[in-house]
Every structure is written in structure tokens, then in C-alpha cells.
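What follows is a short report on a single structure.
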Amino acid sequence: MKTIDELLAEGVDGKRVFVRADLNVPMADGLITDDGRIRAVLPTVKALADAGAKVVVASHLGRPKGVPDLKFSLLQAAERLGELLGAPVAFAQDTVGPAAHDAVNGLEPGQVAVIENLRFNAGETSKDDAERGEFADRLAALADVYVGDGFGAVHRKHASVYDLPARLPHYAGYLIATEVGVLKKLTEDVQRPYVVVLGGAKVSDKLAVIDQLLGKADRILIGGGMVYTFLKAKGYEVGSSLLQEDQLATVAEYLERAEKTGVEIVLPVDTLVAPEFPDLSAKAPTHPATVPADAMPAGQMGLDIGPETSKLYASKLADAATVFWNGPMGVFEHPDYAAGTRAVAQALVESKGFTVVGGGDSAAAVRILGFDENAFGHISTGGGASLEYLEGKTLPGLAALED
């Protein structure tokens, strides 16, 4: 995999460099609520602009249905990129049409343009190779060189991620190089004890990575909505908590395998419950109760790990040499159910080991809860991509950058 440093050494002055970034930032009421992914691509964009490239930045945002939808426009992301760069950024209101060509043709060396949401064109996400290829051909007409730096999308076989690099000289940007380097530390020559913290809503999203980690991790701490399937598999009442009954047999088998292989799966000893899911817009107090994890009342919903579990998990993280965390411990968006996620984040901050926050909601949580990003070893920009890498899958966007 050639890197951007090799490209810069070859020279980019006056060249049109297509940067596939990940500007898929969370939005609320038309405003960006977390600009972490925009900041993550800055080193690549700035290095290319400083070297005299005409930088064409492209990304997706949300899941439009292959047609323009203004609520998924990249305009806000383009404006924020310009603020962070301290320089104007041109914005094209289409992806491969006249506006995109005008924006690119109008660039002087060292200037940057952002084209509109790639998923406004059905060819970006098409499962038909020819349709994707046709869109990739049109994107290739905008550039001389390709730089892949959208780590959050490398697990997708999309036109701008997988097909376009085959049509242009291609290089890995700084973010992808960093992300891959970090993931290698989690899969090759891992420093032990190696502790993994998994949360989030659905256990089905994490089954494949748990399957892999049962042969690699020393401890796996489980929280979030997915934990109630584990508790049910142990025969406990889980009330009206999130439950995937079709995964109970698999989870039970994993618990049995862990015991045989010496991997410690740690489950909550207590949990916060309430009669219903909280209103995340009003965020009014809900008065949750703390109950033992093996004695949840029927009709109550588990919404966060309890205070004793928070202490337990902190103790299980204290001696870790390597930590990977993916998924919040509860409904952290509501102040009544943020304590468990905050406790895990604090334990990582206090850890002397190499700590990785595995993207997605975990990355959003540490920022929303006010933690200093520099207190963690690495905060990934790609939750799904990180998990699939740890599962041992070939990621199309990384394979496309290899020669």
C-alpha cells in the first residue's frame, strides 16, 4: 500500500488529487454535532494543499436513496472543513455533473473543493459492478490521483472506495495509515492483558468479532443493550429489555467456549432499570432504579450498567496493557443513563495501557461526555470498519489501495 508521503515525494503541484474522505458527521437540526471525522482528514487535505495539489474532497453523508436529498447535503461539512483549514473551500452542488466539473476546473494549486454527497448517485452503492464502474469512470474524470482516507467506509464495496482506485494512481492517506497501524496492534503481537469492552444495542452486530476475540482476548466486558441477551442466556429475567431471542443459543455457546478456553467474559452484577425508554429530546429526569442483574423485575427495561458494575469493569481494566472499546454501556445520550459509559471512558483515561476507542457511538460518547481525546491512545473514525478488521474480514477499500 503506497502512502501519501510517497505521493508527496513524487510531487503533486498542479495535480488534481481526489481524496475519498469520511465526512459522515452526526447532524441535528441542520448543524454538525461532532466534527471529529472532519478533523481526522485535515492532515491529509492540508498536506496535499500545502504541496500545491488541487484537492477534490468527496464523501457520503447518511443514507439517501441514490437521489439528491438536501437533508443529507455535505454543504455544512464543506463549510466546517474550510473553517478548520482557515481557507475557502469551494462546494459543488452535484457529484459528477457540471457543478462538480466547474468547481474542480476553477481550482488553483493549493485550493480545495468538496463535491456533493456521493450517495446522491445510485452508482455509488450499487451492487451491480457495471453501474458502479460507470459512476467510478465519471468520478475518475475529475482527478489525476486518488488518495483513500475515508476509513469509516473501507468496509463498503462502493464505487468511490473500491472501483475508483483501480482507475487512478492510488495512495493511502494519513488517517487510513494510522487506523491500520492501530488495528495491527490489536491483532498482531498484542501486549497483554488484552481487554475488550463491547456494548451497543444489538448482540448480532458483535457476534463475529466475539467469535474471533474468544481466541485472542484475555477478558471481554459486555454492556449496552446487547448484554441482556447474555443475561437471558444465563437464565436471568430481563424484563422488557432489548433482547434478541434468536441469538440466545449462539451466546450460550460463546459463554461455554469462553469458560473452556480461559477467556473471561464479564457481565454486569447490577443494572439501571426504568419502565420505558427515555425521551432523548426532552431528557427529563426518569428516576431509574438499580437492581441486581440476576433479579430484574418483569416490566422493567435495562438502560445502563449499575454502579457496582462500573466499579467492577474499572477494576478489570486497571491492569490492561491493551484495551479495545466499541459500544456504549447504556443510553448515554440521556444523563440518567450515562454513568456506565462515563465510568468505562474514565477507566481508559486512567489506564497505563494502549487504549483504542473503536469509533461509532463510543467515539461520539467520549466527546459528548467531555473527555479529552488526547487522553486515549487512539479514537477510531470507523466503528463498523474496525469491527470487520478485527473479525478478520478483507475490507474492500483497503484491498483496493494495495498493489
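List of remarks:
- Residues considered: Lys206, Lys202. Of these, the only one that is touching a residue at least 60 places away in the same chain (Cβ under 8 Å) and among the basic types (Lys, Arg) is Lys206.
- All positions within region 85-121 that are touching a Phe, Trp or Tyr at 6+ places or on another chain (Cβ under 8 Å), open to solvent by 20 Å² or more (accessible area, probe 1.4 Å) and part of a loop (DSSP other than H, G, I, E, B): Asp94, Asn121
- Unique match (being among the basic types (Lys, Arg) and touching a residue at least 60 places away in the same chain (Cβ under 8 Å)) among Arg80, Arg39, Arg16, Arg63: Arg16
- Yes/no for Leu390 being modelled with pLDDT under 95, closer than 21 Å to Tyr194 by Cα and surrounded by fewer than 23 Cβ atoms within 10 Å (Cβ to Cβ): yes
- Residue within region 342-350 that is over 16 Å from Gly223 (Cβ atoms) and either touching a strand residue (DSSP E or B) at 6+ places or on another chain (Cβ under 7 Å) or surrounded by fewer than 24 Cβ atoms within 10 Å (Cβ to Cβ) (or both) present: yes
- Among the residues making up region 105-147, a single one is among the hydroxyl-bearing types (Ser, Thr, Tyr) and touching a strand residue (DSSP E or B) at 6+ places or on another chain (Cβ under 6 Å): Tyr146.
- All positions within region 191-240 that are open to solvent by 30 Å² or more (accessible area, probe 1.4 Å), more than 20 Å from Phe332 (Cβ to Cβ) and of a type in the set (A, V, I, L, M, F, W, C): Ala208, Ala233
- Picking from residues in region 362-372 that are open to solvent by 30 Å² or more (accessible area, probe 1.4 Å) and out of contact with any helix residue (DSSP H, G or I) (no Cβ under 7 Å at 6 or more places or on another chain), the one that is nearest to Gln191 (Cα to Cα) is Asp372.
- Screening Trp325 against (1) aromatic (Phe, Trp, Tyr); (2) assigned to a strand (DSSP E or B); (3) surrounded by fewer than 20 Cβ atoms within 10 Å (Cβ to Cβ) leaves a single unmet condition, (3).
- The listed residues are Leu75, Leu31, and the only one of them that is open to solvent by 20 Å² or more (accessible area, probe 1.4 Å), over 25 Å from Val145 (Cβ atoms) and modelled with pLDDT of 95 or more turns out to be Leu75.
For (1) open to solvent by 50 Å² or more (accessible area, probe 1.4 Å); (2) within 25 Å of Lys311 (Cα to Cα); (3) outside any helix (DSSP H, G or I); (4) of a type in the set (Gly, Ala, Ser), each residue gets a yes or a no:
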site: Leu242; (1), (2), (3), (4): yes, yes, yes, no
site: Glu253; (1), (2), (3), (4): yes, no, no, no
site: Leu272; (1), (2), (3), (4): no, yes, yes, no
site: Glu276; (1), (2), (3), (4): yes, no, yes, no
site: Ser281; (1), (2), (3), (4): yes, no, yes, yes
site: Ala284; (1), (2), (3), (4): yes, no, yes, yes
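- Any chance Arg138 is at pLDDT 95 or above, under 24 Å from the mean Cα position of the chain (by Cα) and open to solvent by 10 Å² or more (accessible area, probe 1.4 Å): no
- Asp403 being among the acidic types (Asp, Glu) and without any contact (Cβ under 8 Å) to a residue 24 or more places away in the chain: no
- Summed over region 52-72, residues that are touching a Phe, Trp or Tyr at 6+ places or on another chain (Cβ under 9 Å), surrounded by fewer than 19 Cβ atoms within 10 Å (Cβ to Cβ) and not in a helix (DSSP H, G or I) total 6.
- When the residues of region 286-322 are filtered to those that are among the polar types (S, T, N, Q) and in contact with a Leu (Cβ under 8 Å, 6 or more places away or on another chain), the one that is surrounded by the fewest Cβ atoms within 10 Å (Cβ to Cβ) is Thr290.
- Residues in region 141-154 that are open to solvent by less than 30 Å² (accessible area, probe 1.4 Å) and either closer than 19 Å to Ala103 by Cβ or at pLDDT 95 or above (or both): Leu142, Ala143, Val145, Tyr146, Val147, Gly148, Asp149, Gly150, Phe151, Ala153, Val154.
The values are calculated or read from the model by the stated rules, or taken from the named source; none is laboratory data. Quick caveat: nothing in here was measured; it's all calculated off a predicted structure. Cβ coordinates were reconstructed from backbone atoms using ideal geometry, including for glycine residues, and neighbour counts include every protein chain displayed. SASA here: full protein model, heavy atoms, side chains in, ligands and nucleic acids out. Shrake-Rupley method; radii C 1.70, N 1.55, O 1.52, S 1.80 Å.
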